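Heads up: the structure comes next, in C-alpha cells.
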Amino acid sequence: MKKQLRGVIAGLVCILIVVGYYYYLSNRDTKTTSEPEELSTIAKITTKNLDDAYPKTPREVVKLYNEILKCYYNEDCTDDEIDALAGQARKLLDEELLKQNPNDQYIAALKMDIQNYKDAKRTISRSDVCDSNEITYKTVDGSECAYVLASYFMKEGNGYIKSREQYVLRKDDSGDWKILAYKLLDGNGDNTENE
C-alpha cells in the first residue's frame with residue numbers, strides 16, 4: 001500500500017511540474033525575450049564611436065559621410081540630431097578643413113543648406129562611392145592623399161538630378177583618412193566648382 005501511495009504522489013508531483021511549466025511558458029513576459037528595438041539610421045550614426053571604430057579606408061570614410069548627408073537631407077532631424085550628426089561628420093574632416101569651417105559657422109551653414117533642400121523638395125535617393133580599385137593615391141607635399149569619386153542621385157520635385165563629387169582625403173598622423181576637400185564635378189568628371 002505504501003508503494004502505491006508513493007507512486008501516486010510521485011505521479012501527481014510530475015503532473016504538477018508539467019502543468020506549472022506549461023503555465024509559466026504560456027504566461028511569461030515576451031518583451032524580455034524579444035529582439036531589441038532596431039536603432040534609427042540617425043541613432044546608429046550618432047552613437048558610433050569613431051574614436052575606437054574609425055573607418056579604415058578612404059572609401060569607408062566617404063561612405064559614412066554620405067550616410068550622414070542622407071540623414072541631413074532625407075530625414076526630419078531635430079536641432080539636437082543635426083548637431084550630433086555634424087559632430088560625427090566633423091570627426092571625418094581634416095584639421096585644415098576644420099580650421100576653415102569653425103563649428104558655429106559650419107552648423108549655421110549646414111542648417112541653411114538643409115532648409116534649402118527642404119524648400120526645393122530635394123532628397124538624396126541614392127549615393128554611390130567608386131570601387132576601391134578606382135581610388136587614386138598620390139603623395140602631395142609629403143602627405144598621403146586619396147581621391148575618391150562619389151555620385152548622388154537626387155529627387156527634386158518630380159524629376160531627378162545626378163551630381164558627382166571628388167573627395168580628397170589625407171592621412172593624418174594617426175593613420176586615419178580625413179576629408180581635406182571636395183569638388184563638384186560635371187557629368188564628364190571635369191571640375192566645375194571648388195568647395
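Bear in mind that the values in this text are calculations on the coordinates, not laboratory data. This structure is a prediction, so every number in the text was calculated from the model and none was measured. Cβ coordinates were reconstructed from backbone atoms using ideal geometry, including for glycine residues, and neighbour counts include every protein chain displayed.
So here's what we get for this one:
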{"item": "Whole-Hz ³J(HN,Hα) from phi, Karplus 6.51 cos²θ - 1.76 cosθ + 1.60, for the range 108-116, glycine and proline x", "result": "4, 5, 4, 4, 5, 5, 4, 5, 4"}
{"item": "Amide hydrogen neighbours beyond the local backbone of Thr136, cut-off 5 Å, H modeled", "result": "Tyr147"}
{"item": "Shape call, the range 41-194: gyration tensor on alpha carbons, a/c limit 1.5", "result": "oblate"}
{"item": "Taking Asp51, Asp94, Asp113 and counting other C-beta atoms within 10 Å, the order from fewest to most", "result": "Asp51, Asp113, Asp94"}
{"item": "Nonlocal amide H pairs with Ala181, under 5 Å, H built at 1.01 Å", "result": "Val168"}
